[in-house]
Structure formats: structure tokens, C-alpha cells
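Asks: One structure coming up, written as C-alpha cells, with questions to follow.
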Amino acid sequence: MLPVRPEAARYLILAVVFVCAACGLVYELELVALASYLIGDSVTQASVVLSLMVFAMGLGSLLAKRLRCRAVVGFGVLEAVLALVGGGSGMMLYAAFAWSGGSHLVLVSISLAIGVLIGAEIPLLMSLMQRVSRRDAEGTVADLFAADYVGALVGGLAFPFLLLPWLGELTGALLTGAVNAVAGGVLVLWLFRRDMSPRSRRRLILLNAAVLALLAAATALVGDFEAAARRAVYGDQVRVAVRTEVQEVVLTGRASQPPDLFIDGRLKVRGSDEHRYHEALVHPAMNGPHSRVLILGGGDGLAAREALGYGDAGSVTVVDLDAGLVRLARRDPALSALNSRAYDDPRTGHVTADAFSWLRGARRGAYDVIVSDLPEPGTAGGKLYSLEFYGLARRALAPGGRIVVHAGPAGAAPGTYWTVDATLRAAGLATTPYRAEGDHGFLLAAVGHAPGLGLDAAVPPLRSPLAERLPGYGPAAEHGRPRGDGPEPSTLVRPRYAR
């Protein structure tokens, strides 16, 4: 005997299907996002998580057949476990990254576990629906899947537009788990309470209460957990840790020393020797006309500092997607001191935009120098290292202008490095490959002829050793271009960079 009419019970079940589907997709997206931040290469992480979950969902559907004879209790236990695993998945993945240094195995394990649990939901809900509705099986299946797909749509939109910006990955996942547990508990413990023995009801009540208590406790401790995890990753000398609209930015180091800058757990700037990278990046491109300088990326202001060292540089425009990083570079005493307060210079302008999209609207021939200070291809994605991107950059170059690209470590990742070189050349640019101390690989390019480095004329004089020009095509030498024509260029539809 149900506490409501069968038609009302049917709508309640469909509402639970809707909520569970939304929660399930949030778990998936949260894992993809966090894995991309912690491990890198968003394409690979999305492929791993989604493919494993789809496979595990099929396995879960098969395993659910054994529970259909006890569908009410089985669904109640299933949702409680899913709420705990899915809600705590972000903390588990982050903990593995912070304290063990590797999170691949945890990512695979959690993806499989959540997939199995999600896959078992629909068969059990189908059994519950048949208990309250005697409609045809085809109509019942259609209703269930319609509610499931609409719920997935809502969950997919809620994650990037509500949960992520307002709560962050960890708290957002924990709240989703609580909603999941409440939805499953209401359905089983209220609608189907008479289909269970008193002993089963008590156990399910205790299980759901324990799950909600654990999720609530974890939510209350998220701040302390994140602080402890940061100490495990960055050490005890964390100066600033902020989650911007785009990424996590952390400054570390002693107060008496220049700060180290981490982006999403990866060291981007080592304050003690960052000049080796930024001098080698900027100064070769400034050996020529340099009245109008465009820096793509470089929100930390360090590349702008080098360009502003030239008194005849008329304007320096920084295009960076992360306005939060620029605010930190402008306001944080240590970082602003490191970049010599580049953003306070009246010649410096900042645009918050995606570099690719911004270049599409850039005026033809607007810049004498373009500095591409972007993350390496494996973390930035192929778009910002594509033939199309360099074609837009070439269009924005003034006659006689130069573009310099940070192309990753030439020695440690030669395949990626020379693919960037091939892509620049395919865009009609002649390249000069070189590297700086520490295996920082760069490519200086211009239209018509390969430009010279000209570091002896750098203003002010360089503090780091001169960059080393790498050999050109021909017999393969150490770190030289590959034999023959080399790798194929990378395009938007056919990215060539190693994953």
C-alpha cells in the first residue's frame, strides 16, 4: 500500500530519476575538471573518465539484475553509497594528488565505481516504477529515459554555471552527494516504506544518516583539508592561494625571497631564476622594431617587465584569460615587485580574453613583436599551438615583425618542440630554434627569413647565459630538427602534440 495515489507515486519516481541523473553527471564533470587541473591534458582526462564510466554503467546494469528481487532495499543502499563515493570523489582525487603525487589509479577506480553505481540505477528504478504503474513497459522506459536525459542536461549546466563558480569542485561535489542521498532516501524510506521490514528500514535510516553526517563533516572541513593539501603539495611556505575564475594560483616561498608561482599545482615561475626563462623569451624578439609589443599569456607580468626594459617600447599589450592572475600580479607586493610593477607602467595595457579569439579580431599588421608566453602544448591544448593560431598571429605582425613562442623543453620533449616548429613554418614563418639554460625551448619566427637572436644587444644586459641556437635540418644532431621534412604541422582538427 502506497502513501499516495499511483499516479503521484509515478511522478515522484520520475522526479528522483531526474535528480539522480543530474547528480550523476555532476560527478562525471567534476572528475573530468579536477583531473584536468591536477593531471593535465583535458582531452585525455575527459576521454578516460567518460569511457570508463560508460563501460562501468553497462556493467552496473548487468549487476543490478541480481538486486531486482529486492529493488527497494537495493536502491536505497545504492543511492547512499553513490552519494558518499560521488560526493567525496573530489576530495579523494585531490588527496591522492597531494599526498602520494599520483592520482591516475584513484581516478580510474573512482570512475569505475561511480559508473557501476549509476548504471544500476535505471534497472532498479524500472522495477520500482512497475510496482506503482501498470502501464506498458515501452511507455515506462520512455518516461524513465526522458527524465534521465533532462536531469543530465540540468546537471551538466548547473556544474559550470552554478556549482563550480559558487562552491568550487570539492564543496560542489559534497553538496551534490547530499542531494543524491536525500532524493534516494525520500523515495525508499517514505514512498516504499511498507515494502521493507522494520529492520531494513532502521538500517537504511542509519546508513543515510551516516552518509549525510559524513558529507556534512567533510563540507565543514573543506577549508582545512585544502590548506593541508596545499602544504603537502607546496610545503609550509604558502604565501597566497586563490581560486580565480580560471585556475588555482599559489605563491610560495620565504618572505625575504622572490616568490614561486604555481598554476593548478604546476610550477610556472621559480622566483630565484625566472629571469633565465623570461629574458630568453623576450629579448631575441626585441632585436628589431619593437614599438608595439603584444604578449599572449604572461598574466604574471614578467614578460611585460622585460619588454618594458626597452625605453623605446611604445606600448605593451598583455592578453590573458585569467583576470584574477593579473590582479594578483598587480596587487601582491611580492609578485608586483618581481615583475617591477609592470602593470603600473602607463605603456602597459591588459585585455582579459582568450588569445585565439582575441587574435581573430586584431588589426592586421598591428604589432612589431608578438610574445607567446603560454603553457606548454600538453597543458594548454592544441588550439593555442595550431596552424590556425599562428596564421592569425602572422596576420597581426607588422612588416619586419617577429614572433617568439615558448615551445616546451627541446631536449626532454623533442617531438612536441619540433611539431611547434613545423606548425610555425606551415603558417608561412621562417624559424630560428633556440633554448635557454634549464632546457627551456623557444622558436623565434618572422616572415621571409629566419631572424637572428641578437642577444648581445639586449637592453638591459642579460643576467642569464646567452641562449643556444639549435641546429637546423640535416643529419640529426642532439636536440636538432628531425631528418627529412620533420613532423606534420598541428591544426585545430588534427592536433599533433603528444598526449
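The values are calculated or read from the model by the stated rules, or taken from the named source; none is laboratory data. Since this is a predicted model, take the numbers as computed values, not measurements. No Cβ is skipped: glycine too gets one built from the backbone with ideal geometry, and neighbour counts run over all protein chains shown. With ligands, DNA and RNA removed, areas are computed over all heavy atoms of the protein, side chains included. Shrake-Rupley method; radii C 1.70, N 1.55, O 1.52, S 1.80 Å.
Asks: For residues in region 161-174 being free of Cβ contacts under 8 Å to residues at least 60 places away in the same chain and buried (at least 16 other Cβ atoms within 10 Å of the Cβ), which is farthest from Phe225 (Cα to Cα)?
Replies: It comes out as Leu167.
Asks: Among the candidates Ala407, Ala398, single out the residue that is closer than 26 Å to Leu492 by Cβ, among the aliphatic types (A, V, I, L, M) and at pLDDT below 95.
Replies: Ala407
Asks: Please tell me if Leu31 is out of contact with any Gly (no Cβ under 9 Å at 6 or more places or on another chain), closer than 30 Å to Pro377 by Cβ, open to solvent by less than 10 Å² (accessible area, probe 1.4 Å) and in a helix (DSSP H, G or I).
Replies: no
Asks: Checking the structure you have, find out if any residue of region 393-405 is closer than 24 Å to Asp264 by Cα, touching a residue at least 12 places away in the same chain (Cβ under 8 Å), buried (at least 21 other Cβ atoms within 10 Å of the Cβ) and small (Gly, Ala, Ser).
Replies: No, region 393-405 contains no residue that is closer than 24 Å to Asp264 by Cα, touching a residue at least 12 places away in the same chain (Cβ under 8 Å), buried (at least 21 other Cβ atoms within 10 Å of the Cβ) and small (Gly, Ala, Ser).
Asks: State all residues of region 323-346 that are open to solvent by less than 60 Å² (accessible area, probe 1.4 Å) and either at positive phi or not small (Gly, Ala, Ser) (or both); if no residue qualifies, say none.
Replies: Listed by number, the residues that qualify are Leu325, Val326, Leu328, Asp332, Leu335, Leu338, Asn339, Tyr343, Asp345.
Asks: Considering (1) touching a residue at least 24 places away in the same chain (Cβ under 8 Å); (2) under 15 Å from Phe262 (Cα atoms); (3) not polar (S, T, N, Q), say which one Leu215 fails and leave the rest.
Replies: Of (1) touching a residue at least 24 places away in the same chain (Cβ under 8 Å); (2) under 15 Å from Phe262 (Cα atoms); (3) not polar (S, T, N, Q), only one is false for Leu215: (2).
Asks: Pick from region 178-226 the residues that are of a type in the set (Phe, Trp, Tyr) and part of a helix (DSSP H, G or I): which of them is nearest to Leu84 (Cα to Cα)?
Replies: Looking at residues that are of a type in the set (Phe, Trp, Tyr) and part of a helix (DSSP H, G or I), I get Phe225.
Asks: Restricting to region 296-322, and then to whatever is open to solvent by 10 Å² or more (accessible area, probe 1.4 Å) and either within 19 Å of the chain's Cα centre (by Cα) or of a type in the set (Lys, Arg) (or both), can you tell me which residue is modelled with the lowest pLDDT?
Replies: Leu321
Asks: Can you give me the number of residues within region 312-343 that are within 18 Å of Asn287 (Cβ to Cβ), in contact (Cβ under 8 Å) with a residue 24 or more places away in the chain and either touching a Cys at 6+ places or on another chain (Cβ under 7 Å) or not hydrophobic (A, V, I, L, M, F, W, C) (or both)?
Replies: 1
Asks: Another one. Taking the options Leu78, Leu93, Leu117, Leu125, name whichever one is part of a helix (DSSP H, G or I), open to solvent by less than 10 Å² (accessible area, probe 1.4 Å) and either within 30 Å of Arg5 (Cα to Cα) or small (Gly, Ala, Ser) (or both).
Replies: Leu125
Asks: May I ask you to say which residue of Arg231, Arg243, Arg203 is within 25 Å of Ser100 (Cβ to Cβ), open to solvent by 20 Å² or more (accessible area, probe 1.4 Å) and free of Cβ contacts under 8 Å to residues at least 12 places away in the same chain?
Replies: Being within 25 Å of Ser100 (Cβ to Cβ), open to solvent by 20 Å² or more (accessible area, probe 1.4 Å) and free of Cβ contacts under 8 Å to residues at least 12 places away in the same chain holds for just one of Arg231, Arg243, Arg203, which is Arg231.
Asks: Let me ask something additional. Under the condition of being more than 15 Å from Leu12 (Cβ to Cβ) and assigned to a helix (DSSP H, G or I), which residue from region 128-147 is most open to solvent (accessible area, probe 1.4 Å)?
Replies: Glu138
Asks: Within region 122-139, work out how many residues are in contact with a Ser or Thr (Cβ under 9 Å, 6 or more places away or on another chain) and modelled with pLDDT of 85 or more.
Replies: Count: 5.
Asks: Which of the residues belonging to region 335-359 are among the small types (Gly, Ala, Ser) and either within 12 Å of Gly301 (Cβ to Cβ) or not in a helix (DSSP H, G or I) (or both)?
Replies: Selection gives Ser336, Ala337, Ser340, Ala342, Gly349, Ala353.
Asks: Tell me which of these Thr352 doesn't satisfy, since it passes every other one: (1) open to solvent by 30 Å² or more (accessible area, probe 1.4 Å); (2) more than 24 Å from the chain's Cα centre (by Cα).
Replies: (2)
Asks: For region 124-145, which positions are free of Cβ contacts under 8 Å to residues at least 40 places away in the same chain and under 37 Å from the mean Cα position of the chain (by Cα)?
Replies: Met126, Val141, Ala142, Phe145
Asks: Is there any pair with a first residue in region 35-57 that is on the phi < 0 side of the Ramachandran plot and crowded, with 19+ Cβ neighbours inside 10 Å and a second that is outside any helix (DSSP H, G or I) and among the charged types (D, E, K, R) whose Cβ atoms are under 6 Å apart and which are 6 or more apart or on different chains, and what are they?
Replies: Qualifying pairs under 6 Å: Tyr37/Asp264.
Asks: Only residues that are basic (Lys, Arg) and either free of Cβ contacts under 8 Å to residues at least 40 places away in the same chain or in contact with a Cys (Cβ under 7 Å, 6 or more places away or on another chain) (or both): list them for region 269-286, please.
Replies: Arg270
Asks: Now for a separate question. Contact list please: Cβ distance under 7 Å, first residue in region 6-34 and among the basic types (Lys, Arg), second residue in a helix (DSSP H, G or I) and open to solvent by less than 30 Å² (accessible area, probe 1.4 Å), pairs at least six apart or on different chains.
Replies: From region 6-34, the pairs are Arg10/Met129; Arg10/Val132.
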